[in-house]
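S.K.: Next up is a structure, given as structure tokens.
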Number of protein chains: 2
Amino acid sequence: MGTTGSIPGYTYGEPQVQHSPVTAAELDALKETLLWTDGDDQALRLAGDVLEDQVGDVVATWYVAAHPHLVAYFAPAGGAPDPEYLERVRARFEQWILDTCRRPYDDVWLDYQHEIALRHTQAKKDQTDHVNAVDRVPLRHIIAFIYPITATIRPFLSAKGHDRDDVDRMYQAWFKAVTLQVALWSRPYAREGDW
Amino acid sequence: MGTTGSIPGYTYGEPQVQHSPVTAAELDALKETLLWTDGDDQALRLAGDVLEDQVGDVVATWYVAAHPHLVAYFAPAGGAPDPEYLERVRARFEQWILDTCRRPYDDVWLDYQHEIALRHTQAKKDQTDHVNAVDRVPLRHIIAFIYPITATIRPFLSAKGHDRDDVDRMYQAWFKAVTLQVALWSRPYAREGDW
């Protein structure tokens, strides 16, 4: 996975990460709804190779495309976004692209999805980076971000000369992987028994 | 919109539909996150024309593609799906495709999104069709359905001889429209203040 120890607040696989309450059976059922196949795993590995040296540009695109909507979550209510907070998250966001493509979706991955989920909510937002900002990202916008995070990836997937079919396979797998993670991240937002 | 009075349980615009708690400002902000443009409205109108005589085939594809996962929500826990329930929802699902493409996304539309949302949850599931089935669709699967409902539409959008750019515009607008509705449908699942 390369050296990740230098990314502030990135605790993938570290012992302080709580265990996810999501079961392997629940994960499998979600993948069924997403029509997930082994081909998607392969396509994500290929996407990881294609995106590896582009992650900075990808996240830069997201920061610009989603502006000013995304940056509001890096600011106190009605205030200005915190540039250091944006930069700390940028590094984790870049790593998240590679994790999405390359990590096995196992228990360690599920645990880190749970950690990411909590960092979007009142439970843990702002704590990792010790910042003063709004205390949650609303669930509806977490869901809505599926669109820009998916649609904007395609030009990057096609930037290395792969043919249209390969690009499409990578794109579809990416779309599934993003949607899967948003479904997992929705858990702490849901009322008891409704997730 | 054509004759819809014959669709069982379809109450779009009828006085018994509750008002949505979602504000126009919240809807606008969601559309911003989705990078919504006027071009998307136009592309959805075109998609409505393209899909109008294909809605039966589209929903048939969804019923098959998502089987057995989708049909579980038409059954009591551990039981067999209710064929009449499936057929009643099929007719509304077909109409939903046209509503997604053709209805203005105004207060009446927001109210019906709220009604659809409630029909997925303990609040109203099974009541419209007077059936015995599981009492909710879990939030995580509502979110995951964004993928199959989006990905499977593309062949239908390209079935009428439009060029690739037009098909892509319709596809992107459809993807945004589905994601927008899932974001709206998530509201009754969310804890107070977290939506």
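S.K.: State whether one or more residues within region B:18-33 are free of Cβ contacts under 8 Å to residues at least 40 places away in the same chain, of a type in the set (A, V, I, L, M) and over 16 Å from B:A173 (Cβ atoms).
M.R.: So the first thing to find is which residues in region B:18-33 are free of Cβ contacts under 8 Å to residues at least 40 places away in the same chain, and the list is B:23, B:25-26, B:28-29, B:32-33.
From what's left, of a type in the set (A, V, I, L, M): B:25, B:29.
From the residues that got through so far, the ones that are over 16 Å from B:A173 (Cβ atoms) too are B:25, B:29.
Taking every residue of region B:18-33 in turn, at least one turns out to be free of Cβ contacts under 8 Å to residues at least 40 places away in the same chain, of a type in the set (A, V, I, L, M) and over 16 Å from B:A173 (Cβ atoms).
So that you can scan it fast, the table gives a plain yes or no per residue for (1) of a type in the set (A, V, I, L, M); (2) within 18 Å of B:D129 (Cα to Cα):
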{"site": "B:Q16", "(1), (2)": "no, yes"}
{"site": "B:P21", "(1), (2)": "no, no"}
{"site": "B:L34", "(1), (2)": "yes, no"}
{"site": "B:L46", "(1), (2)": "yes, no"}
{"site": "B:V55", "(1), (2)": "yes, no"}
{"site": "B:A77", "(1), (2)": "yes, yes"}
{"site": "B:A80", "(1), (2)": "yes, yes"}
{"site": "B:E84", "(1), (2)": "no, yes"}
{"site": "B:Q95", "(1), (2)": "no, yes"}
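S.K.: Any residue in region B:99-120 that's among the acidic types (D, E): show its pairings with residues that are buried (at least 18 other Cβ atoms within 10 Å of the Cβ) at Cβ separation under 6 Å, as long as the two are six or more apart or on different chains.
M.R.: B:D111/B:S20
S.K.: Next up: Yes or no: A:D49 under 19 Å from A:Y105 (Cα atoms), of a type in the set (D, E) and surrounded by fewer than 16 Cβ atoms within 10 Å (Cβ to Cβ)?
M.R.: Yes: the conditions hold for A:D49.
S.K.: OK, next. Which residue, of A:A80, A:A60, is in a helix (DSSP H, G or I), surrounded by fewer than 16 Cβ atoms within 10 Å (Cβ to Cβ) and free of Cβ contacts under 8 Å to residues at least 40 places away in the same chain?
M.R.: Working: A:A80 fails: in a helix (DSSP H, G or I).
None of the other options fit; the residue is A:A60.
S.K.: Further, regarding this structure: For residues that are polar (S, T, N, Q), assigned to a loop (DSSP other than H, G, I, E, B) and buried (at least 19 other Cβ atoms within 10 Å of the Cβ), tally how many sit in region B:109-122.
M.R.: 1
S.K.: Restricting attention to region B:144-165, does a residue exist that is under 27 Å from A:Y189 (Cα atoms), crowded, with 17+ Cβ neighbours inside 10 Å, in contact (Cβ under 8 Å) with a residue 24 or more places away in the chain and among the polar types (S, T, N, Q)?
M.R.: Within region B:144-165, one or more residues are under 27 Å from A:Y189 (Cα atoms), crowded, with 17+ Cβ neighbours inside 10 Å, in contact (Cβ under 8 Å) with a residue 24 or more places away in the chain and among the polar types (S, T, N, Q).
S.K.: Quick one: in region B:29-46, of everything that is in a helix (DSSP H, G or I) and away from chain A (no Cβ under 11 Å), which residue is surrounded by the most Cβ atoms within 10 Å (Cβ to Cβ)?
M.R.: Filtering region B:29-46 for residues that are in a helix (DSSP H, G or I) and away from chain A (no Cβ under 11 Å), the one surrounded by the most Cβ atoms within 10 Å (Cβ to Cβ) comes out as B:A43.
S.K.: Taking B:Y85 as the residue in question, decide whether it is hydroxyl-bearing (S, T, Y), within 14 Å of B:Y73 (Cα to Cα) and buried (at least 18 other Cβ atoms within 10 Å of the Cβ). If you could, list the steps in order and put the result at the bottom.
M.R.: Values: hydroxyl-bearing (S, T, Y): yes; within 14 Å of B:Y73 (Cα to Cα): yes; buried (at least 18 other Cβ atoms within 10 Å of the Cβ): yes.
Spelling it out, B:Y85 is indeed hydroxyl-bearing (S, T, Y), within 14 Å of B:Y73 (Cα to Cα) and buried (at least 18 other Cβ atoms within 10 Å of the Cβ).
S.K.: A further question follows. Do we find that B:Y147 is aromatic (F, W, Y), under 16 Å from the mean Cα position of the chain (by Cα) and over 23 Å from B:A60 (Cα atoms) in this structure?
M.R.: No: the conditions fail for B:Y147.
S.K.: Right, something else. Going by the structure shown, is B:L118 under 28 Å from B:A190 (Cα atoms), within 13 Å of chain A (Cβ to nearest Cβ) and modelled with pLDDT of 95 or more?
M.R.: So B:L118 fits the description; yes.
The values are calculated or read from the model by the stated rules, or taken from the named source; none is laboratory data. Keep in mind that what you see is a predicted model, and the values were worked out from it rather than measured. Note that we place each Cβ from the backbone using ideal geometry, even for glycine, and neighbour counts take in every protein chain shown.
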